[in-house]
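Engineer: Before I ask anything, let me first share the structure, which is written out below as structure tokens.
The values are calculated or read from the model by the stated rules, or taken from the named source; none is laboratory data. Not measured: the values here are computed from a predicted model. In this analysis, Cβ positions are derived from the backbone assuming ideal geometry, glycine residues included, and neighbour counts consider all displayed protein chains. Note: accessible area is taken over every heavy atom of the protein model, side chains too, but ligands, DNA and RNA are not part of it. Shrake-Rupley method; radii C 1.70, N 1.55, O 1.52, S 1.80 Å.
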Amino acid sequence: MRWLALPFDTFAIQLLNAVQYGLLLFLVASGLTLVFGIMGVINLAHGSFYMIGAYLAWSLAEHFGNLGIAIVVGVALSLLIGAALEWLFIRRLYDRDHLYQVLLTYGLILIVEELRSIVWGDDVHAVPVPDWLAASIPLTDTLSYPVYRLWISGVCIALAIAMAFVIQRTRIGMTIRAGASNREMAQSLGIDIRFVQLVVFAVGIALAAFAGMIAAPVSSVFPGMGNQVIIICFVVVVIGGIGSVKGALVAALLIGLVDTFGKVLELEVAGIPVLPELAGMSVYVLMAIVLLWRPEGLFGKRAP
Amino acid sequence: MRDVGPIVDARGIHAHYGLSHVLHGVDLIVHPGEAIGLMGRNGMGKTTLLRSVLGLLPPRRGSVHVRGVDMTRAAPHRIARAGIAYVPEGRGIFPNLTVRENLIMAARPGVGGRNEWTYDRVLATFPRLMERLGHGGQQLSGGEQQMLTIGRALMTNPDLLILDEATEGLAPLIAQEIWRIIGQICATGVAAILVDKNLAAVTRVTDRNIILVKGRVVFEGTSAELRANPAIGLQHLGV
């Protein structure tokens, strides 16, 4: 076995990248796991709203000339889109088999992709980093790290804390958890469970779209960008344990680390190159290992 | 001003579970402050009748008025907010919430803004819950779970408390304790519907009693009448 170590400065930069990627994944996956855990709906189209977010950021930033305003308006629009979708389609799925959910939400992927093509076209776009975040922090004489990527991590951490607070410490969070555990009982205590579900779904969509918005300046904006994200997000949800927001955070960070370092480390086993040649498989290998160890995911509820 | 009409006025309720016709035109009228016993053997339609009133199983035919408003097809949360609280069979506590959270999530002023049942008063009524506030719902004993569901129902400041098999499966001493508290609650002027197999315990608390057999009301009368005619209980309830 031969192992090529990274120089420390490269390691530091890759570590920051890994954390930033993981935190961004968490934002998308948290909405997915909430909707799945609370309403029992598998939303394959969740990643499409990551893409919609990126396109909204691009077109609104061009329109307003300011990414900050674009994000505020974009999040408001995403909440409305999410609420409308829940009201029109998703609420019809709660009592149905997963097959119907997969069919409907797969259909939504195709529709969203087509609408995106009609409204915004099929070109790849770049979104400029806002001026006040455009700087870089020098690490060594030759290497530096962009402030914008640090800002992404900071925003994601703040949102993760805010989500944990709302779910664990507020009355709204208690209501959401109560509704997830026993819908009928929650209703009989006067809770409008349909409204709670509408809000949870809309917030989940808005989180995915927000992730797409803040990622746009570093990843660029392109057709089908949600499809890459959704697959990894399902891996996050499965590793973390379905329905667990805490699990989604841990799993997303793990995947960020494995995926990023899988691509930069060099590893040879018995003369056969393993990394980075097989880096594309690394997150799935991680998932397989976790599932062999804990079939219900890291923070999932054990089946009774 | 409190209105003087019935809290619940359900008439001619027909309810079905799938293909089976469970209720055949049942009336259930509850006036403010009144305690009603709902009795019958298993499978006679007691829980179905309660679920119809609560909006959890909208009746096929018949009407449900709550405080004079037609709520026959209303969502369950609207019926709850009209002042009806439900303690279901099997209790329905939220196991993923702590005892404290189970109580807090239900807290709201009653109809007309009454706020007699505060968190502190509920805990004073069920002092055993006080030592368990941070525990998850599933760590409680059966009796404590029952106290929690009753306490949680009171947090909504109801005008009508519906208790389905409140003492089912509890040790006799704990059941006695629960009955004592139910008696206290009824004495505060909250109306109640009590479903239980223990005829003696029910009739000590209730004013009026209904016996269901195969989805029909076969007896309706005061607790004194029931006690004076043990044959009725023997025939329809087997006690």
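Engineer: Can you give the charge dipole size of the protein assembly as shown about its Cα centre, rounded to the nearest 20 debye, using +1 on the beta carbon of Lys and Arg and -1 on the beta carbon of Asp and Glu?
Structural biologist: On the way: 42 positive and 38 negative charges, 370 e Å.
The calculation lands at about 1780 debye.
Engineer: How much accessible area per residue does chain B have, counting only protein heavy atoms and a probe of 1.4 Å, in square angstrom?
Structural biologist: On the way: 9930 Å² over 239 residues.
Result: 42 Å² of accessible area for each residue.
Engineer: How many partner chain Cβ atoms sit within 10 Å of a residue's Cβ in peptide A:189-196, on average, as a whole number? Write out the running numbers ahead of the final one.
Structural biologist: Working: counts 17, 14, 7, 6, 3, 2, 1, 1.
The mean count of partner-chain Cβ atoms within 10 Å per residue comes to 6.
Engineer: Check which residues have an amide H placed less than 5 Å from B:G37's amide H, if you skip close sequence neighbours.
Structural biologist: B:L194, B:D207, B:R208, B:N209, B:I210
Engineer: Counting DSSP beta bridges in the range B:8-236, what percent are antiparallel, to the nearest 5? Present the calculation step by step, with values, prior to reporting the outcome.
Structural biologist: On the way: 22 of 39 bridges.
Beta bridges within the range B:8-236, antiparallel portion: roughly 55 percent.
Engineer: So, R0 is 51 Å and r is the distance between the beta-carbons of A:R92 and A:T140; what FRET efficiency does that work out to, to 0.05? Kindly include the intermediate steps, with their values, before the conclusion.
Structural biologist: Working: r = 57 Å, r/R0 = 1.11.
Rounded to the nearest 0.05, the efficiency is 0.35.
Engineer: Still on this structure: Note down the accessible area of A:L93, probe 1.4 Å, to the nearest 10 Å².
Structural biologist: My reading of the accessible area for A:L93 is about 10 Å².
Engineer: Could you give the distance between the Cα centres of the range A:235-258 and the range A:1-34, to the whole Å?
Structural biologist: That distance is 13 Å.
Engineer: Express in whole angstrom the spacing between the alpha-carbon centres of the range A:129-168 and the range A:266-304.
Structural biologist: Measuring centre to centre over Cα atoms gives 28 Å.
Engineer: Out of B:A166, B:A201, B:A35, any idea which swings most in a Gaussian network model of chain B, alpha carbons joined below 10 Å?
Structural biologist: Of B:A166, B:A201, B:A35, the most mobile in the Gaussian network model is B:A201.
Engineer: With r as the distance between the Cβ atoms of A:Q228 and B:E168 and R0 = 60 Å, compute the FRET efficiency 1/(1 + (r/R0)^6) and round to 0.05. Let's see the in-between values first.
Structural biologist: Working: r = 54 Å, r/R0 = 0.89.
Calculated transfer efficiency: 0.65.
Engineer: Any residues in the range A:136-183 that have 20 Å² or more less accessible area with all protein chains than in their chain alone, probe 1.4 Å, and which are they?
Structural biologist: Those residues are A:R171, A:M174, A:R177, A:A178, A:S181, A:N182.
Engineer: Also, I was wondering about something else. Of the residues B:V53, B:V111, B:V217, which exhibits the maximal mean-square fluctuation in a Gaussian network model of chain B defined by a 10 Å Cα contact cut-off?
Structural biologist: Checking each option, the largest mean-square fluctuation is seen for B:V111.
Engineer: Please list, or write none, the lysines whose alpha carbon is within less than 28 Å of the alpha carbon of B:K46, excluding same-chain residues fewer than 8 places away.
Structural biologist: Qualifying lysines at Cα under 28 Å: B:K197, B:K214.
Engineer: Mind telling me which of A:S181, A:S78, A:S48 comes out most flexible in a GNM of chain A, alpha-carbon contacts under 10 Å?
Structural biologist: Taking springs between Cα atoms under 10 Å, the residue moving most is A:S181.
Engineer: Next up: What percent do you get for the relative contact order of chain B when only Cα pairs under 8 Å and 6+ apart count? Kindly include the intermediate steps, with their values, before the conclusion.
Structural biologist: Details: 476 pairs, mean separation 62.7, N = 239.
Value for chain B: 26 percent.
Engineer: Would you mind checking the tilt of helix A:46-64 against the longest principal axis of the Cα atoms of chain A, expressed as 0 to 90 degrees and rounded to 10?
Structural biologist: 80
Engineer: Return the long-range amide H neighbours of B:S141 (sequence gap of 5 or more, or a different chain), with a cut-off of under 5 Å between placed amide H atoms.
Structural biologist: none
Engineer: Still on this structure, I have one more. With a probe of 1.4 Å, find how much accessible area chain A has per residue, and write the answer as a whole number in Å². Provide the component values of the computation, followed by the final result.
Structural biologist: Numbers: 14470 Å² over 304 residues.
Here the residues of chain A average 48 Å² of exposed surface.
Engineer: Right, here's the next one. In the range B:95-109, what residues drop by 30 Å² or more of accessible area when the other protein chains are put back, versus the chain on its own? Use 1.4 Å, and skip ligands and nucleic acids.
Structural biologist: At a threshold of 30 Å² (probe 1.4 Å), the residues of the range B:95-109 that become less exposed are B:N96, B:L97, B:E101, B:I104, B:M105.
Engineer: Going by amide H atoms built from the backbone, whose H comes under 5 Å of the H on B:F219, apart from near neighbours?
Structural biologist: Close amide H contacts, sequence-distant or interchain: B:I211.
Engineer: Do the sum for chain A: with -39,500 (n - 2.57) for every DSSP H run of n ≥ 4, divided by all residues, what is the mean residue ellipticity at 222 nm, to the nearest 500 deg cm²/dmol? Intermediate values should be presented prior to the final figure.
Structural biologist: Values: 11 runs with 211 residues, N = 304.
After summing the helix terms and dividing by the residues of chain A, the value is -23500 deg cm²/dmol.
Engineer: Using a 1.4 Å probe on the protein heavy atoms, what percent of the accessible area of the protein assembly as shown belongs to carbon and sulfur? Display every interim value, and only then the final one.
Structural biologist: On the way: 15380 of 24400 Å².
Roughly 63 percent, rounded to a whole number.
Engineer: While we're here: A plus B alone minus the pair: what accessible area, both sides summed, probe 1.4 Å, in Å² to 100?
Structural biologist: Numbers: alone 15420 and 10780 Å², together 24400 Å².
What A and B bury together is about 1800 Å².
Engineer: With a 1.4 Å probe and all protein chains kept in place, how do A:W58, A:W3 rank by accessible area, largest first? Please list the in-between numbers first.
Structural biologist: Numbers: A:W58 40, A:W3 140 Å².
Correct descending sequence by accessible area is A:W3, A:W58.
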